[in-house]
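Structure record follows, encoded as structure tokens.
The values are calculated or read from the model by the stated rules, or taken from the named source; none is laboratory data. Because the structure is predicted, anything quoted here is derived from the model rather than measured. Glycine gets a Cβ as well: all are built from the backbone with ideal geometry, and neighbour counts include every protein chain shown. To get the accessible areas, we keep the full protein, side chains included, count just its heavy atoms, and leave off ligands, DNA and RNA. Shrake-Rupley method; radii C 1.70, N 1.55, O 1.52, S 1.80 Å.
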Amino acid sequence: MKAIAITPSAAQGSNISALTAIELPVPVAHGHDLLIEVKAISVNPVDTKVRAGFNADTPRVLGWDAVGVVKSIGDAVTLFAPGDEVWYAGALTRPGSNSEYQLVDERIVARKPHSLDNASAAALPLTAITAWELLFDRLGVKENGNNGNTLLIVGAAGGVGSILTQLAAKLTNMTVIGTASRPESQQWVRDAGADHVIDHSQPLSDELARIGIPHVTHVASLNGTEAHYAQLIESLAPQGKLALIDDPETLDARPLKVKSISLHWEFMFTRSMFETDDMIAQHHLLTRVAKLIDEGVLKTTLGEHYGTISAENLQKAHTQLETGRAVGKIVLEGF
């Protein structure tokens, strides 16, 4: 089968050019695995991070977002049959979706939304899981609840932010404030349902004061946590909650004490990485999101379609993601 993998490259400078087309044997499904023929993928920051840190001798297939068709199933599979159209993010510990075929555990897979084409659906699995877990599992927000609470989403125009803004605006009673720094990204956040949009290139406390909101009860910090950390603490109300998904070099928790602010991490690969007892929660979560899309409650976060799944187009996608200026998701489709 065709695949695009990160291969050994020079120790200095970017290794984006080391994303290379290779041939691999088609894997065989056993146990809870589905063998899926990949139809469309999207690219996430995790792809760029794994690629940048690659230093092994064996090429690694990246990609943690896909839509495809089940071709065969393992002997323990109960949720799917060959021919089912599915979507999923996969597991960080296994080969990714930048290949014609991929093995994925059925417990982290769901049927794709009927109302979306493959490219539009491929934009969502990883970010939808991340956003849902962050909002409902980590921050403890309740569906149709949290009246009077205010959620600040830092980096609301990105992949996770685009769907998190929708989830918070449509499924909770919170006031939703998204941050974005450019006119086009600010409009994107408004279109996703944010009640207010502020500029994270300015002091956040000043921007919140500008819209008449002195403090927020919840923060979802999706990027730049280290740069905004002091401002986030200042902007949070006493007994507020701070959740993050990025990777600050250091994070001193002591300044959180005086306000009794709680700190929460979200990493959507935790369940698959450790095969937790509730691993199937991601199957249920993606099933629910698909239903919400088909009902018109949520919409795709596809930002740009980069063409076929090729080494050249993946190199372009990685390059664009690393600028930090991508709006929505970058999707590729077909081999």
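Per residue of segment 74-88, in order, report the coupling 6.51 cos²θ - 1.76 cosθ + 1.60 (Karplus, θ = phi - 60°) as ³J(HN,Hα) in whole Hz, putting x for Gly and Pro.
For segment 74-88, the Karplus-derived couplings read x, 6, 9, 6, 10, 9, 9, 9, x, x, 5, 8, 9, 9, 5 Hz, x marking Gly and Pro.
Which residue fluctuates most in the GNM of the chain (Cα springs below 10 Å): 159, 63, 83?
83
What residues of segment 266-280 lie in the reach of a label at residue 93, counting those whose backbone N is under 11 Å from a point 7 Å from the Cα along Cα→Cβ?
270-276
With r as the distance between the Cβ atoms of residue 49 and residue 209 and R0 = 41 Å, compute the FRET efficiency 1/(1 + (r/R0)^6) and round to 0.05.
Numbers: r = 35 Å, r/R0 = 0.85.
That gives a FRET efficiency of 0.75.
Quick check on segment 104-183: what does the Kirkwood estimate of hydrodynamic radius come out to from the alpha carbon pairs, in Å?
13.7
Projecting each Cα onto the charge dipole of the chain (Lys/Arg +1, Asp/Glu -1 at the beta carbon, about the Cα centre), which of 56, 280, 72 comes out farthest on the positive side?
Farthest towards the positive end: 280.
How big is the shadow of the Cα convex hull of segment 81-137, averaged over all directions, in nm²?
Spelled out: convex hull of the Cα atoms, projected over all directions, averaged, 4.8 nm².
Tell me the angle of helix 225-235 to the major Cα principal axis of the chain, expressed in degrees between 0 and 90 and rounded to the nearest ten.
Roughly 30 degrees, rounded to the nearest 10.
So what's the gap between the Cα centers of segment 253-278 and segment 15-58, to the nearest angstrom?
With segment 253-278 and segment 15-58 each reduced to a Cα centre, they are spaced 27 Å.
Can you give the percent of C-alpha pairs in segment 1-100 whose distance is more than 19 Å? If you can, show how the numbers build up before the last one.
Numbers: 2186 of 4950 pairs.
Summing the P(r) tail past 19 Å for segment 1-100 gives 44 percent.
Expressed as a whole percentage, what fraction of the accessible surface of the chain belongs to carbon and sulfur atoms when a 1.4 Å probe is rolled over the protein heavy atoms?
51
Which listed residue (211, 221, 239) has the Cα farthest towards the positive end of the charge dipole for segment 157-270, taking +1 on Lys and Arg C-beta and -1 on Asp and Glu C-beta about the Cα centre?
The residue sitting farthest along the positive end of the dipole is 239.
For every helix of n ≥ 4 consecutive DSSP H residues, a contribution of -39,500 (n - 2.57) applies; sum these over the chain, divide by its total residues, and give [θ] at 222 nm rounded to the nearest 500 deg cm²/dmol.
-7500 deg cm²/dmol
Hey, which lysines would be in cross-link range of residue 2, C-alpha to C-alpha under 26 Å, not counting anything within fewer than 8 residues on its own chain?
Those lysines meeting the cut-off are 39, 49, 71, 112, 316, 329.
Going toward the positive end of the dipole of the chain, with +1 on Lys and Arg Cβ and -1 on Asp and Glu Cβ, which of 198, 129, 326 do you reach last?
So the residue furthest toward the plus end is 198.
Might you report the magnitude of the Cβ-based charge dipole of segment 13-161 about its Cα centre, with Lys and Arg at +1 and Asp and Glu at -1, to the nearest 20 debye?
Magnitude of the dipole: close to 360 debye.
Which value, in debye to the nearest 20, gives the size of the charge dipole of segment 1-82 about its Cα centre, when Lys and Arg are +1 and Asp and Glu are -1 at the Cβ?
200
Could you work out the Rg to Rh ratio of segment 205-335, with Rh taken as the Kirkwood radius (inverse of the mean 1/r over all Cα pairs)?
Across segment 205-335, the Cα-based Rg/Rh ratio is 1.03.
Compute the long axis of helix 311-321 from its Cα atoms, compare it with the longest principal axis of the Cα atoms of the chain, and write down the angle in degrees, 0 to 90, nearest 10.
It works out to around 10 degrees.
Choose one answer from 116, 135, 164: the residue with the largest mean-square fluctuation in a GNM of the chain with alpha-carbon springs under 10 Å.
Result: 116 has the largest fluctuation of those listed.
When the C-alpha atoms of the chain are aligned to their principal axes, what extent does each axis show, in angstrom, from largest down?
Projected onto the principal axes, the Cα atoms of the chain cover 58, 46, 35 Å.
Using DSSP to call loops (not H, G, I, E or B), can you name the GluC sites (Glu not before Pro) in segment 155-261 whose Cβ has at most 15 other Cβ atoms within 10 angstrom? Don't skip to the answer; put the middle values down first.
Working: sites: 184, 207, 226, 234, 249; in loops: 249.
Taking segment 155-261 and a limit of 15 other Cβ atoms within 10 Å, the loop GluC sites (Glu not before Pro) found are 249.
Given Cβ point charges of +1 (Lys, Arg) and -1 (Asp, Glu) and nothing else, what value in debye, to the nearest 20, does the dipole of the chain about its Cα centre take?
Working: 27 positive and 38 negative charges, 96 e Å.
Dipole size: approximately 460 debye.
Under the rule of at least 5 residues apart or a separate chain, name every residue whose amide H is placed under 5 Å from the amide H of residue 149.
175
For the Cα atoms of the chain, what angle does the longest principal axis make with the long axis of helix 281-294, in degrees from 0 to 90, nearest 10?
So the helix axis and the longest Cα principal axis differ by about 80 degrees.
Output wanted: per-residue J couplings in Hz (rounded whole) for segment 52-60, from phi through Karplus 6.51 cos²θ - 1.76 cosθ + 1.60, θ = phi - 60°, x for Gly and Pro.
Listing the rounded values in order: 5, x, 5, 8, 8, 8, 8, x, 10 Hz.
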